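Working notes, structure below.
The values are calculated or read from the model by the stated rules, or taken from the named source; none is laboratory data. From a predicted model like this one, the values you see are computed outputs, not experimental measurements. Glycine gets a Cβ as well: all are built from the backbone with ideal geometry, and neighbour counts include every protein chain shown. Only protein heavy atoms, including side chains, enter the accessible area calculation; ligands, DNA and RNA are left aside. Shrake-Rupley method; radii C 1.70, N 1.55, O 1.52, S 1.80 Å.
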Amino acid sequence: MDDRKQQKVYSIFGAGAAGLYTAWRLLGGKVVNPSDEKKQLRAGDVLELYDWGRYDFSKEHRGTRAAGARICTWFHKNDPESSYLELGGMRYSFWDKTQKDTDHYTVPGHRLVTTTIEQLGLDPYSVPFNVTGNQLFYLRSRNFYLNDITSNNPAPYAVNNFGASTTPDGGFGTVEELAVPPEPQTRRWWCRFYETGKIKKQLPDSSVFQEGDHLSDIGYWNLLYDQLGSEGYDYAADGNGYSSNVINTHSAVSISINDEFAPGTQYRTLSMGYSGMFNALFDKIEELAKARGVEFRYRPDTRLHSILWKSGKALFTYATRKNPNIAAGHAEADAAWLAMPRASIDLVAQATRYQAPPDGAIDVLNDDKVTLYLESAIMQPSYKVGMFFDSPWWAPDAANPAPYPAQITGYVSTPAVVAALKAQGFPDDALAAMASPAINYVPFTSLAALVEAIVSITEVPLGIAQTKQLNVAARRDTIGPSATNSPIRMVVYFGNNARDQTRKPVYGILASYDDEDNADFWRELELGPRRNRTVPVSQDTQPLDGPRKVPDRMVKMLRKMLAELHFGPNSDYASVPEPLESAYMDWSLPPFNAGYHEYAPHYNVGDVQRKIRKPSQLIPQSDADIFIVGETYSNDQAWVEGAYCTAESVLNDFFGIEPIIDPVHYPFICPAE
């Protein structure tokens with residue numbers, strides 16, 4: 001029989017980053033080997049995208065919240081022309097393609113996110129999202145800045161070996177030096193390190209862990225406490241802002257991850273809001289499907305209920321959003337992608353866990369080895385609260401600055417800045433200097449520093465009028481963040497980022513960016529007084545509904561903690577003005593049950609990455625085209641990049657689709673070596 005007459009059905013469960021990326025690449029990718037053509041979608045085939053929620057993808061597909069699963073852009077009064085906040089993931093690390101990899105150095109950056117943004121035509125919206133170089137802290141009832149910390153003015157912690165006279169991240173560096181050479185490492189090197197990395201320094205007998213111990217066998221919390229002591233651990237935990245960074249994760253992986261959060265790291269985001277990337281992906285999927293004659297079926301408000309493999313097909317049941325625990329129907333697919341995190345996968349597995357599969361069927365998700373590998377990812381709850389104000393009361397140049405303003409003033413030259421100044425008649429030599437690698441996208445903490453950089457290239461001073469023009473065009477404040485050991489943990493400053501800058505300004509902040517046990521602190525304030533819980537927490541799918549209004553008591557608690565951060569200990573909560581609008585996202589709730597994930601110790605991380613993406617590889621004599629993609633089991637956990645990389649690796653290795661970029665120096669997942 002001519003297989004061209006057989007209709008293929010590919011089903012993707014999850015319409016977040018990994019699901020959308022998979023659909024896009026299935027429709028637009030090219031095969032390397034002609035023998036793989038039969039696996040590709042052709043005219044008459046069907047591509048299904050199941051979405052437990054209903055994301056606001058387009059005018060034809062309106063939803064309850066912004067697109068992107070654990071990315072969620074929230075606009076003031078839901079007006080896309082107004083200021084916005086990111087109540088989920090919010091940034092990416094830009095990949096500069098002009099730099100070259102070597103066998104000993106991998107150019108930094110999220111390559112698949114950068115490439116996707118470029119191919120979707122979103123480059124004009126890519127803007128700096130830099131962090132401050134002089135972070136504000138409020139730790140143990142003391143306000144201070146990063147640049148204030150010295151041996152004569154240490155942080156309020158009794159850290160061994162004068163550890164409080166350096167930054168909170170210094171403790172991470174101390175642990176990293178036990179095993180990692182000082183020179184930059186490649187992506188492949190880190191993958192080997194996850195499995196073979198050992199403590200290389202001779203340590204005193206008082207240390208629990210000793211030279212030669214494998215880091216894969218050590219919990220990171222255990223290692224930090226052993227090496228830094230109680231006070232050193234507390235300083236690192238409190239001051240870095242992320243409680244999730246100091247729990248008992250896989251030490252080798254955590255050492256790599258904590259390199260990413262040092263002050264001064266540069267990031268980018270999208271000026272349309274980070275969710276805009278997923279709207280663009282959805283539009284492209286519809287466009288490609290129509291052009292190729294593929295029937296694209298978007299199925300919102302529908303979740304995967306159970307899945308088995310039998311006779312070369314994925315047999316699954318689905319449930320409605322209204323009644324998600326009871327199967328509403330069944331269907332089959334030639335291949336299925338579970339583009340979902342660990343908690344959602346476990347929910348699917350539960351439906352068939354306590355019954356024998358039908359004859360000839362494989363219950364892939366409930367195999368013991370698959371379950372073992374699924375549990376390699378630690379779920380890390382996260383909570384974000386956004387607030388909009390009519391003034392930037394936290395800024396150093398506010399009308400009445402707080403005693404401890406966030407040092408966020410920044411200037412950046414970008415192509416958009418250069419274009420705006422060119423239209424104003426700015427000198428050509430200065431514009432050329434601003435477009436040079438020495439200045440383009442480089443953050444400056446003051447206007448004077450930017451002017452000095454320009455003049456050092458042109459050797460021609462700028463006039464007063466030109467300096468004023470530059471001040472307006474290049475001003476782009478950093479996001480902070482400020483850090484505290486109170487339950488708000490971090491505050492991120494978005495400011496007035498409205499696309500329409502002619503309207504009355506509205507200024508936004510993430511008033512709390514927290515994780516782990518801090519999420520419980522805020523959840524108990526969600527209902528307000530004289531209200532009993534009516535929906536079980538296990539069934540509260542608020543992350544699918546979208547940002548939820550902050551009740552008055554929570555607003556007051558947030559103002560109280562923000563006042564301590566910016567006005568000093570015991571400050572009146574009224575020092576912080578009443579917000580215009582506030583909302584929260586509780587990422588500890590289903591179906592995600594985590595803001596992000598990280599690997600547990602005692603796992604071969606590379607083997608997990610390679611095998612769990614097609615879990616039947618872990619079951620002897622089994623071959624089921626059921627795939628798991630997303631950031632959870634990636635080499636870039638907590639980032640959109642991880643979702644894209646796992647999806648790309650599946651399409652390359654199991655469907656013969658040509659890699660979107662050259663993976664020689666940038667393996668999408670840890671390779672077998």
Inset, instruction - Give, as a single signed number, the net charge of other residues whose beta carbon lies under 12 Å from the beta carbon of TYR666, with Lys and Arg counted +1 and Asp and Glu -1. - result: -1
Legend entry - Check: segment 588-673 dipole with +1 on Lys, Arg Cβ and -1 on Asp, Glu Cβ, in debye: 280
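With a/c under 1.5 counting as rounded, go ahead and sort segment 41-158 into rounded, prolate or oblate using the C-alpha gyration tensor (a ≥ b ≥ c being the square roots of the eigenvalues; past the cut-off, prolate if a/b is larger than b/c, else oblate).
Taking the square roots of the gyration eigenvalues as a ≥ b ≥ c, segment 41-158 is oblate.
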Legend entry - Cα lying deepest toward the dipole's positive end in the chain, options PRO168, PHE278, PHE137, charges on Cβ: PHE278
Inset, instruction - Filter the cross-link list LYS384/LYS504; LYS59/LYS313; LYS100/LYS611; LYS39/LYS614; LYS30/LYS614; LYS59/LYS290 down to pairs whose alpha-carbon distance in this structure exceeds 23 Å. - result: LYS384/LYS504; LYS59/LYS313; LYS100/LYS611
Legend entry - Förster radius 51 Å - calculated FRET efficiency between ASP36 and GLU231, Cβ distance, rounded to 0.05: 0.35
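Pulled fully out, how much extra length does the chain show between ASN152 and ARG533, if you take 0.36 nm times their separation in residues and subtract their Cα-Cα distance?
So the chain would gain 132.0 nm between ASN152 and ARG533.
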Legend entry - Calculated FRET efficiency for the pair GLU176/ASP428, C-beta based, R₀ 35 Å, to 0.05: 0.15
Inset, instruction - Determine the calculated [θ] at 222 nm for the chain from helices alone, applying -39500 (n - 2.57) to every DSSP H run no shorter than 4 residues and normalising by the residue count; nearest 500 deg cm²/dmol. - result: -8500 deg cm²/dmol
Legend entry - For segment 118-208: rounded, prolate or oblate by the Cα gyration tensor [a/c cutoff 1.5]: oblate
Legend entry - Accessible area of the chain divided out per residue, in Å², using a probe of 1.4 angstrom: 41
Inset, instruction - Just add up the charged neighbours of VAL32: K/R +1, D/E -1, any other residue whose Cβ is under 15 Å from the Cβ of VAL32. - result: -2
Inset, instruction - Measure off 7 Å from each Cα along the Cα-to-Cβ vector at GLN6 and GLN617, then give the distance between these two points in nanometres to one decimal. - result: 2.5
Inset, instruction - Taking the Cα centre of segment 472-537 as origin, sum charge times position over the Cβ atoms of Lys and Arg (+1) and Asp and Glu (-1), and report the length of that vector in debye to the nearest 20. - result: 500
Legend entry - FRET efficiency for ASP397 and GLN99, using Cβ-Cβ distance with R0 set to 41 Å, rounded to 0.05: 0.70
Legend entry - Three-way shape call for segment 468-536 based on the alpha-carbon gyration tensor, with the a/c threshold at 1.5: oblate
Inset, instruction - Just grab the label-to-label distance for GLU524 and TYR573, each label 7 Å out from Cα along the Cβ direction, in nm (one decimal). - result: 1.5
Legend entry - Rough spin-label spacing in nm, given labels placed 7 Å along Cα→Cβ, for HIS602 and HIS330: 3.8
Inset, instruction - Could you tell me which of THR115, GLN185, LEU589 has its Cα farthest along the dipole of the chain towards the positive end, charges placed at Cβ (Lys, Arg +1; Asp, Glu -1), taken about the Cα centre? - result: LEU589
Inset, instruction - With both partners inside the chain, how many of the DSSP beta bridges are antiparallel, as a percent to the nearest 5? - result: 70
Legend entry - Local electrostatic count at ARG303 - Lys and Arg +1, Asp and Glu -1, tallied over other residues with Cβ under 12 Å: +2
Legend entry - Cα-centre dipole for segment 401-531 with unit charges at Cβ (Lys and Arg positive, Asp and Glu negative), debye to 20: 600
Inset, instruction - Of the options TYR194, VAL640, GLY386, report the single residue whose Cα projects farthest towards the positive end of the charge dipole of the chain (beta-carbon charges: Lys, Arg +1; Asp, Glu -1). - result: GLY386
Inset, instruction - Just subtract the alpha-carbon distance of THR196 and ARG353 from 0.36 nm times their residue separation and send over the number in nm, one decimal. - result: 53.0 nm
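So between ASP368 and VAL472, what do we pick up on full extension, going 0.36 nm a residue minus the alpha carbon distance?
Here the answer is 31.4 nm.
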